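First the structure, in the form of structure tokens, and then the observations on it.
Readers should treat all values here as calculations from the given coordinates under stated rules, not as data from a laboratory. Computed from a predicted model, the values in this text were never measured in an experiment. Virtual Cβ from ideal backbone geometry, glycine too; neighbours counted across all protein chains shown.
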Amino acid sequence: MSKVFGTYICSGCGIADAVDMEALVGAASELGFEAKTHDALCSAAGREMIQADVDGGVNTVVVCACSPRVMQQEFNFGDDKITVRANIREGAAWCAEKPSEERDADTVKEFTTEQAADNVRMACTEAKKTELPEPYKLETLNREILVMGGGIAGITAATEAAKAGYKVTIVEKADQIGGKALGWAKQFPTKAPYAELEEPTIGAMIAAVEAHDNISIITGTEVARIGGAPGDFSVTLKPTGTSTEWDAPAKVGVDEQDKIDKGEMEDPNKGYKGYMEENPEAQKFGAVILATGWVPADVSEYEHLGHGSNDKVVTNAEFEKMAKEGKLSGVNSVAFVMSPGGEEHDMDFPYANSVTSMVALKQAKYVRESNPDAKAYVLYQHMRTPGHMELFYKGVQQDDGIFLTKATVTGVEGGTVKAKDTLLGEDLELDVDLVVLAAGMEPTTKHEHSINLAYRQGPAFLDLDLFDGYADSHFICFPYETRRTGVYTCGGVRKAMNMDETIDDATGAALKAIQAMVCADRGVAVHPRSGDATYPEFFFQRCTQCKRCTEECPFGALDDDAKGTPKPNPTRCRRCGTCMGACPERIIGFKNYNIDLVGSMLKSIEVPEDEDDKLRILVFACENDAYPTLDMAAMRKHSVNNLIRVIPVRCLGSVNMAWIRDALSAGMDGALLLGCKYGDDYQCHFVKGSEIATKRMENIGDTLSTLGLEPERCGVRQVAISDYNKVPEVIEEFVEEILELGPNPFKGF
Amino acid sequence: MTDQSSGSVLVVGGGISGLTAALEAAEVGKDVFLVEKNPYMGGRVAQLNQYFPKLCPPTCGLEIQFKRIRANRNIRMYNMTTVKSVSGSAGNYEVTCVTAPRYVNNNCTCCGDCVDACADERDNDFNFGMNKSKAIYRPHDMAFPAKYVLDKDACSAETLEAIKGACKYDAIDTDMTEEEFTLNVDSVVWATGWTPYDAEKLENLKVNSSKAIITNMQMERLASPNGPTTGKILRPGDDKEPESFGFVQCAGSRDENHLEYCSYICCMATMKQITYIRERYPEAPIYVFYIDLRTPGKYEKFREKIMADENVHFIKGKVADIVAEEDGGVTMIAENAVTGDKVSQKVDLCVLATGMEPAAKAQAAELGLDVDSSGFIVSNPDAGMISCGCAKKAADVVTCAQSSTAAAMKAIQAGR
């Protein structure tokens, strides 16, 4: 589009008191932008002024006023217009230093004006460089959902998606769908008064799913591999338990590939088709739901409890089978053991969640229902019946034949259970017919890849080790987020959960699967940059096949061909820009966010050459957390050192080190990255961005020292969104360090 | 795509559950009305300092949700708005809503000049009354929408004039009145959330007998950087740095005289709050009185870390009495369920881990919704009345996000 610019500078909200408005108009003018001022740009009169210009042909509006986080509606002049914001309110006026003996009011105003003027310059530059996004559209979009696993989770996901009008295929490895629920004698109560066990509903669920026109069911079948991307997944199926050349290839890293090439290591993928090869017979799907569920945990490792060696000891899963098959008639006393830790710890069996507590209560009722004279003993460390399940627990307590006590079970010998620290005030020795161990529910992803992706980054979900093998999300607010776009998990594969929870979880997963296809259709990103119509574009002629983008993408969006040239899969992309930050050739960029755009912005910052008190420190701030933190610090009228110049970035992972070099070559004195916490409890919305950026900054520090520049000029600090009281100090400390180092020795060259 | 955009859904409640339900539905193309009774979005989680078990700030996720709302034209949101009546049936509901006057119009730029001009104060309900705010206020730092609110009743005539005079943008409108409007929707998602159980009803715990007895939600505010003490944990009343702490678990929950169910989150909330205390008082002894420690699944690891702290003492036993002491502290009295011993433990600050009560308890029945014996709304998607989050059952944030996403699915189906 041929741009016609309109530039507007607001003097309201105290801006005119803190800065010299004429200087801001002058700064825009130097870049060829004739700016109009207004005392309240966001007011009806202010917006009318801009709208009149837009009606007169302006299509690129530069609004120099408050933070881009506010007044977005007010400054939106239509989808075919560009609005660029310069933050001179929170970003300069409101975080201005308080006048002191060291710096009088005039000097403070001079410094604040320089900061605001640079923000104006950067916005004008951005306006020149940015372009309207053009959404990426797949040639054909597939709208069918693949559900892997035909248990309660899979059946629910399929039914719910079908009810919303989508086609679904369920692939189940067993010969019939139904999963674990087929083996249940009874179900937990689901409604008030939560007293009675309920008859299994799985039969009705199966009947409903089988009868639905939109749902196809394929049993005795597994997924060999899934290639492609949301809206265009290619899925190869195979008979359960077989191996085919289309099985998903194992992950081979750059180093491993090197060893394979040198003959130092066997190629794990020998005999398998490469992950870029497409099976012409594959079926096409638009999104995938992984609902492969769980397997009963092996608890024979707890030798003092005797599972596997003592035939009186069974697991809860084995006991359920006995109940289902009606084999409890001769059982007159059963002890249920909830915690394996003896005197060492009071935790439940691993992979239990609260489900095993409820299962023990349910099975205690089986004992009583099958034989009114039988006795059940439930020995727990902590009875876990959350929410309304408390009422179920309370009901069980009313039964004289069920004894419930906290107990430290120290061992099982024959039919004798030994326990200490009980609520009876004495140690116990219970002689029972059967001991049932409350074994956990291990996710299938603990034992196998399950999802079997034919992706550059390997067949399995990442981060599994953070959750002991569960394919769970690391985000509390966003539990459906996986690191594989268009692939969602639900049910036992991500947490031990009861049926009610599973049904909710699977229903939500079905929504997310539909949403991923809708977004692919519109050519926009899914969470967290929902609706973003930009996507990374590559200038392949200059690609050196270094593979950094394919390795570093937190979402595995990029594959590569045999030569190592990346294959972008735009519908897998979350638009964080980590690939752009990674690329040493600077060939990756978005329409409104790219190397040249940000590089030009920072080069438009005015760097005084010989004023030692006017050093310039460039700050790249994560727009999701660090930037709002700075805004809030300003709203609280905290002074933030005004030598900094802040550029918001999509994620620290998108910061290309070329920008740091550009800043230092331009004579700026330091560069600071403000981003999210990383490590096991990472808060980065793009998972790895802040961690990757930190490594890159360490590396560039090394490069700097070879040039005779102090590595301390480049820093990274972790800032949470709630750190608004701390962030001024974090910045102050960094600036102090730079001041101590003195001006950039290359200034002026 | 398949036509999902027919009709629209009303989401009642703008906390984490309502925001999630609204966004997830809107991002599939559904038209959504989102009403929230507070002047800001975010609900209960906006008042929390951190989430367990990651100890991350809830405003981090809220910022993303707000950004998603700003970017989505399918959502129309109304603050200070409640539902007055519902009529009709699935696919064709008529809902009457009422918006209370904010007395600040959309001209507000959030510049804050009015605050400096305002002489009157009000109890700060965002901080559970532990401090005061000016009578014209922004509910909290991250308040979305970023607009001020005027508590007109708390102002003298002179103050109102001064506020009006201070506003350069003509944003103060003291003549605003309550507004009623009607929405036609296919279905309604009830995401009305929870309120902390009223500690005054727990007579034996005598919350009013001492300033040293606070609730767990008050503890969240004390620990928050935007709370009444900017994150210092000080005893209300005398601002003493407490040297010892007590926690009363199941304060109201699992008790047929109060809340018969388990409130799900209080055990982990206490574990989390122990980390708040540890960060500020590395050695202070902490006593936790409990019935069971309900930290299942992945929360067990978190509990293990807390229990490894030798200055944190866990006593299985229900607190029977709390006695105010002259030095400002309190003595907690309980029976150890394992040893049978009577335990008296004096502490400087005592936290009641109060449970969650469904916020719409009374109103839900009036509106004709299906409500269970505890006041939670029973979801009935076939009738186009869908509940989620803590309006449906006591739950943690993860579970709320799951059930709210599921509610979005039901709302989409309802439009077909």
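The shape of the range A:298-439 comes out rounded: with a ≥ b ≥ c from the C-alpha gyration tensor, a/c is under 1.5. Calculated mean residue ellipticity at 222 nm for the protein assembly as shown: -8000 deg cm²/dmol, from DSSP H runs with n ≥ 4 weighted as -39500 (n - 2.57), summed, divided by the residue count and rounded to 500. Applying both filters, DSSP loop and at most 15 other Cβ atoms within 10 Å, to the trypsin sites (Lys or Arg not before Pro) of the range A:311-345 gives A:Lys327.
Remark: mean inter-chain Cβ contacts per residue of A:421-431 equal 1, using a 10 Å Cβ-Cβ cutoff to other protein chain atoms. Taking R0 as 35 Å, what's the FRET efficiency between B:Asp170 and B:Asn131 from their Cβ-Cβ distance, rounded to 0.05? Calculated transfer efficiency: 0.70. For the range A:180-307, just say rounded, prolate or oblate: build the C-alpha gyration tensor, square-root its eigenvalues into a ≥ b ≥ c, call rounded for a/c under 1.5, and beyond that prolate if a/b exceeds b/c, oblate if not. Oblate.
Within straight-line reach of A:Lys420, meaning a Cα separation under 14 Å, sit the following aspartates and glutamates at least 8 residues removed in sequence or on another chain: A:Glu343, A:Glu344, A:Asp346, A:Glu429. Over 31 Å apart at the Cα level, from the set A:Lys567/A:Lys688; A:Lys324/B:Lys301; B:Lys206/B:Lys301, are A:Lys324/B:Lys301; B:Lys206/B:Lys301. Spatial offset of the range A:484-516 relative to the range A:630-680 amounts to 37 Å, using the alpha carbon center of each.
Working from Cα pairs under 8 Å separated by at least six residues, relative contact order for chain B is 20 percent.
Relative to the dominant Cα principal axis of chain B, helix B:266-280 is inclined by about 70°.
Comparing A:Val168, A:Asn142, A:Ile206 along the charge dipole axis of the range A:122-219, the residue lying farthest to the positive side is A:Asn142, per the Cβ-charge model. Is the shape of chain B rounded, prolate or oblate, going by the alpha carbon gyration tensor and its root eigenvalues a ≥ b ≥ c, with a/c under 1.5 for rounded and a/b larger than b/c for prolate? Judged from the Cα gyration tensor, chain B comes out oblate (a/c at least 1.5, b/c at or above a/b). Comparing B:Ser187, B:Ser244, B:Ser263 in a Gaussian network model of chain B, where Cα atoms under 10 Å apart are tied by springs, the biggest mean-square fluctuation is seen for B:Ser244.
Comparing the range A:532-606 with the 2.2 N^0.38 Å rule of thumb, its C-alpha radius of gyration ratio is 1.11 (two decimals). Taken residue by residue and averaged, Cβ atoms of other chains lying within 10 Å of the Cβ of A:340-348 number 2. Backbone phi angles across the range A:335-342, fed through the Karplus curve with coefficients 6.51, -1.76 and 1.60 (θ = phi - 60°), yield HN-Hα couplings of 10, 10, 10, 8, 10, x, x, x Hz in residue order; Gly and Pro are listed as x. Amide H to amide H, with H built 1.01 Å from N, A:Val84 comes under 5 Å of A:Val61, A:Val62, A:Val63, counting only residues 5 or more places away or on other chains. Scanning residues 5 or more positions from A:Asp20 or on other chains, those with amide H under 5 Å from its amide H are A:Thr113, with H placed 1.01 Å from N in the peptide plane. Taking every residue in B:391-404 and counting other chain Cβ atoms within 10 Å of its Cβ, the average works out to 5. Remark: the range A:575-659 carries a charge dipole of roughly 440 debye about the Cα centre, counting +1 on each Lys and Arg Cβ and -1 on each Asp and Glu Cβ. Using 21 Å as the Cα-Cα cut-off, could you pick out the over-long pairs in B:Lys147/B:Lys272; A:Lys312/A:Lys365; A:Lys167/A:Lys284; B:Lys232/B:Lys316? Over 21 Å Cα-Cα: B:Lys147/B:Lys272; B:Lys232/B:Lys316. Here the Karplus curve 6.51 cos²θ - 1.76 cosθ + 1.60, taken at θ = phi - 60°, turns the phi angles of the range A:280-294 into couplings of x, 9, 5, 8, 9, 9, x, 7, 10, 10, 8, 9, 7, x, 9 Hz, with x standing for Gly and Pro. For the range A:624-632, the Karplus equation 6.51 cos²θ - 1.76 cosθ + 1.60, evaluated at θ = phi - 60°, returns couplings of 7, 10, 5, 5, x, 4, 4, 4, 6 Hz by residue, with Gly and Pro reported as x. Non-local amide H neighbours of B:Phe247 (under 5 Å, H modeled in plane, Pro and chain starts lacking H): which ones? Sorted by chain and number, the residues that satisfy this are B:Tyr287, B:Val288, B:Phe289, B:Val351. Computed over the range A:593-749, the P(r) curve from all C-alpha pair distances, binned at 5 Å from the origin, holds 2, 10, 20, 22, 22, 16, 7, 2, 0, 0 percent per bin. When the Gaussian network model of chain B links Cα atoms closer than 10 Å, the mean-square fluctuations of B:Asp327, B:Asp141, B:Asp239 top out at B:Asp327. The dipole here belongs to the range B:266-366: it is taken about the Cα centre, uses +1 on the Cβ of Lys and Arg and -1 on the Cβ of Asp and Glu, and is about 520 debye. Loop-resident trypsin sites (Lys or Arg not before Pro) (DSSP state other than H, G, I, E or B) in the range A:512-565 with no more than 14 further Cβ atoms inside 10 Å of their Cβ: A:Lys563. Placing unit charges on the Cβ atoms only, positive for Lys and Arg and negative for Asp and Glu, gives the range B:113-166 a dipole magnitude near 160 debye about its Cα centre.
Taking a quarter of the surface of the Cα convex hull of the protein assembly as shown gives a mean projected area of 46.6 nm².
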